[in-house]
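The values are calculated or read from the model by the stated rules, or taken from the named source; none is laboratory data. Since we're looking at a predicted model, the values are computed, not measured. Cβ sites come from the backbone with ideal geometry, for glycine too, and all protein chains shown count toward neighbours.
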Amino acid sequence: MTSLPASIETYLQEAGFSITEILILKRLLEGRAMTLRELAAKTGKSTGVLDQATKKLAEKNILGKEHINGSPKYALASLDAIQYWMQKDMEQKKEILRRKKKDFDAFLSTVTHTKDRPEMQYFEGIEGIQKAFTKLLEKKESEWLHFIPALTKEEDDPLQEFRVNVFRERRKNKTFMRSISQNIPLGHRYKHRDIFEYRDTRLVSSEQFPVCFEEFIVGDTVACFDMPNQKASFIQYPELAASQRHMFEMLWCLAEEGVTEEECTVVAAQTHPAKEPDIETRVLSGLRECIIFRKNIVLIASIVLLIGTLSFRIF
């Protein structure tokens, strides 16, 4: 008698053979043909169930039907047929796995494409621009890179008071800002206020200045502000932010005297840690924070006037 190992039974089940079909194969492996009644006696299954199972095995060319002494008997027609069906099942499963992998790869490529797609946001009006600045502050980055064309005086900025709040929040978050502006009178005026604004500014020629609007590079976000038209837009795209950051570092280096373009190309390609403000900037920007609002200035002036008046009367 040839027994069927448990592992082979498992493989046959995984290949789609039913338990009844496996029982029939186990009995017929004993080496002699059997009728349905004999198989029923050996397996404990009804002849009706066995009849359906033998027909399936015969369709697979695994069983053959013989008539011995007028009785139909079943015997194994070919063991190679079992091997064929096992191999066919393995190929089908491999094909299914290939299809699943292909579908999964397609899904991952879609996710990657979506992930790499720039995320854009738009803001309009004074309130929209204020909201945009608030979103930049929420990122809590250690440094902002800033292109500013310096088209108007700071006191003519419709967002002057709001920018004061932005300055205070930046200083509170220890977010230092490096700015690049044009080498024009308004640019010099902007630069002279650096120590009070918690920032550092360098000036480049108008021909070198790359944009005609205000631009911030904060983390992976490039924020563009069109102040005359009161519009702003965010582009969250790491590759674009890296490119803009490289251009900023290149211009920042070129703004130094005695530095060649080749040297700046090397410097711009390097990773730059966030710049720390000097002591003068920290002290004076902190002092400005205390007296930043007009009502505080009026209060201090009133106190000085009161002290002066009392001193005059006393003496």
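Structural remarks
- Hey, residue 81 at pLDDT below 80, surrounded by 16 or more Cβ atoms within 10 Å (Cβ to Cβ) and not in a loop (DSSP other than H, G, I, E, B) or not: yes
- If you go through the range 240-261 and keep only what is buried (at least 17 other Cβ atoms within 10 Å of the Cβ) and farther than 21 Å from residue 187 by Cα, you end up with just 241.
- Tally of residues being out of contact with any Pro (no Cβ under 6 Å at 6 or more places or on another chain), surrounded by 16 or more Cβ atoms within 10 Å (Cβ to Cβ) and among the charged types (D, E, K, R) across the range 213-239: 3
- Residue list for the range 33-72, filter: more than 26 Å from residue 86 (Cα to Cα) and acidic (Asp, Glu): 38
- Residues of the range 204-243 that turn out to be of a type in the set (Asp, Glu) and not in a strand (DSSP E or B), as a count: 3
- Selection of the range 239-293 for residues being under 21 Å from residue 206 (Cα atoms) and either among the small types (Gly, Ala, Ser) or modelled with pLDDT under 75 (or both) yields 243, 255, 258, 268.
- When residues in the range 46-59 are screened for being buried (at least 18 other Cβ atoms within 10 Å of the Cβ) and either over 60 Å from the mean Cα position of the chain (by Cα) or under 19 Å from residue 8 (Cα atoms) (or both), 2 of them pass.
Listed here are the residues, each with its yes/no results for (1) surrounded by 10 or more Cβ atoms within 10 Å (Cβ to Cβ); (2) at pLDDT 70 or above; (3) farther than 24 Å from residue 238 by Cβ; (4) not assigned by TED's automatic domain parsing to the domain that holds residue 225.
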{"site": "95", "(1), (2), (3), (4)": "yes, yes, yes, yes"}
{"site": "101", "(1), (2), (3), (4)": "yes, yes, yes, yes"}
{"site": "107", "(1), (2), (3), (4)": "yes, no, no, yes"}
{"site": "112", "(1), (2), (3), (4)": "yes, no, no, yes"}
{"site": "125", "(1), (2), (3), (4)": "yes, yes, yes, no"}
{"site": "130", "(1), (2), (3), (4)": "yes, yes, yes, no"}
{"site": "134", "(1), (2), (3), (4)": "yes, yes, no, no"}
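- Scan of the range 5-40 for residues that are closer than 20 Å to residue 59 by Cβ and in a loop (DSSP other than H, G, I, E, B), ordered by number: 15, 16, 17, 18, 29, 33, 35
- Filter result (within 60 Å of the chain's Cα centre (by Cα) and either part of a helix (DSSP H, G or I) or modelled with pLDDT of 80 or more (or both)) within the range 63-78: 63
- Residue within the range 163-179 that is under 19 Å from residue 229 (Cβ atoms) and in a helix (DSSP H, G or I) present: yes
- Taking (1) touching a residue at least 40 places away in the same chain (Cβ under 8 Å); (2) buried (at least 17 other Cβ atoms within 10 Å of the Cβ) in turn, residue 14 satisfies each apart from (2).
- Positions within the range 19-32 being over 16 Å from residue 81 (Cα atoms), surrounded by 14 or more Cβ atoms within 10 Å (Cβ to Cβ) and within 56 Å of the chain's Cα centre (by Cα), in sequence order: 20, 23
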